[in-house]
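One structure is given here, and the rest of the page talks about it.
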Amino acid sequence: VYLSHEPIMVLTGIVLGAVLGSFLNVCAYRIPLGQSIVSPRSFCPQCNSPIPWFRNLPVVTWLIQGGKANCCSFKIPMRYWLVEAFSAILFGFLFYRYSQVPDFGQLLGGCTFAWLMLAVVVIDMETMLIPDRFSMGGAVVGVLLSVAFPSLHHIHSASEFMNRVGSGLESVIGLLIGSASLYWIGILAEKALKKEALGEGDVKLMGCVGAFCGWQGSIFVIFGGATLGAVILLPIMLLGRFSSKRDEEGEEGQTLTWGQEVPFGPYLALAGLIYLVAIRPWVDDWFDSLIWVFSQASPG
């Protein structure tokens, strides 16, 4: 009986994604505190008791224990389970996609980029910081993977050497355009608003996005991230403004207000994931058609 390899690929992706999601939770907790992500082994944040491996299984353990630690009264935040579950689903989908057209380079590059973007969402939402190891380190990894696997940027020619050179250049150009574009947008916004509009972490993050996604992807992510932020935050601010009530002492309830500083990195990262997972072919084709139109309209 013929057994398709697709279920095996999907299962592999789900298991790998869950494991890497668990590791991401470790990174999100320890890196902002300046702690090692390797040593010591996993421990309870409340009583510091080591967690045995059979009580540290991704996704499963949280469900079995009802979100509670076995060693003390510590309640494990649901964020841990959500990160592991979403990572498992995302990797399962990517493994399924690249099982249709086997391409190890795109699979490795896609999974690496997805994990980096998910890490940025989690850490920046909680700390409003994007560690350089994810932004700058991710940009370096993106360039190296692009040189090693030209299919990451859909570079195909008769010469393997030229494939690698072309893919590497595409990655570097994307890195420069992504970071430079957001930098100048931030400078102009700062002049207009008379205060800092973007952090350096966001600019460096766009270098990572461009290294993996090329210049087309980086431009889409900048405007896609801004659109996502507006779509998500504007209703929250409007709802908070109309539903806020004063308490008994006459103090205003805590709501998201106009002018309040919010992290932009998570929306850039989410736009990057949308580009990678869903709409990259359409975005790239749109840019290609736009370039063709301008080339036809130019003199000569």
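Which order do K68, K204, K194, K75 take by accessible area at a 1.4 Å probe, largest first?
K194, K75, K68, K204
What you get for the range 66-190, charging only the Cβ of Lys and Arg (+1) and of Asp and Glu (-1), is a dipole of about 380 debye around the Cα centre.
Normalised by the number of residues in the range 37-153, the mean separation of alpha-carbon contacts (under 8 Å, six or more apart) gives a relative contact order of 17 percent. Per residue, the chain exposes an accessible area of 57 Å² to a 1.4 Å probe, with every protein chain left in place. Magnitude of the charge dipole for the range 177-246, about its Cα centre and with charges confined to Cβ atoms of Lys, Arg (+1) and Asp, Glu (-1), is about 460 debye. Taking 0.36 nm per residue of separation and subtracting the current Cα-Cα distance, fully stretching the chain between N56 and K195 would add 45.6 nm. The heavy atoms of L94 offer some 0 square angstrom of accessible surface to a 1.4 angstrom probe. These residues, I187, I222, go from largest to smallest accessible area, 1.4 Å probe, as I187, I222.
Relative to one another, the C-alpha centroids of the range 89-155 and the range 189-217 are positioned 18 Å apart. Of all lysines in the structure, the ones whose alpha carbon falls short of 28 Å from that of K204, not counting any fewer than 8 places away in one chain, are K191, K194, K195. From helices alone, the chain scores -23500 deg cm²/dmol at 222 nm; the rule is -39500 (n - 2.57) for each run of n ≥ 4 DSSP H residues, then divide by the residue total. A 1.4 Å probe, protein heavy atoms only, puts the accessible area of M136 near 100 Å². Normalised Debye scattering of the range 7-120 at q = 0.11, 0.17, 0.22 Å⁻¹ gives log10 I(q)/I(0) of -0.39, -0.84, -1.20, counting only Cα atoms as equal scatterers and leaving out solvent. Split the accessible area of the chain by element, probe 1.4 Å, and carbon with sulfur accounts for 68%. Taking a Cβ cut-off of under 14 Å around F113, the surrounding Lys, Arg, Asp and Glu residues balance to a net charge of +2, with basic ones at +1 and acidic ones at -1.
Its alpha carbons give the range 90-134 an Rg and a Dmax of 13.0, 39 Å.
Relative to the Cα centre, what is the charge dipole magnitude of the chain, using +1 at the beta carbon of each Lys and Arg, -1 at the beta carbon of each Asp and Glu, and rounding to the nearest 20 debye?
Charge dipole, the chain, about its Cα centre: 580 debye, nearest 20.
For R133, R97, the ranking by accessible surface with the largest value first comes to R133, R97, using a 1.4 Å probe.
The values are calculated or read from the model by the stated rules, or taken from the named source; none is laboratory data. Predicted, not measured: the structure shown is a model, and the values here were computed from it. So basically every Cβ, Gly included, is an ideal-geometry build from the backbone, and we count neighbours across all protein chains shown. Heads up: the accessible areas ignore ligands, DNA and RNA and are worked out on the full protein's heavy atoms, side chains in. Shrake-Rupley method; radii C 1.70, N 1.55, O 1.52, S 1.80 Å.
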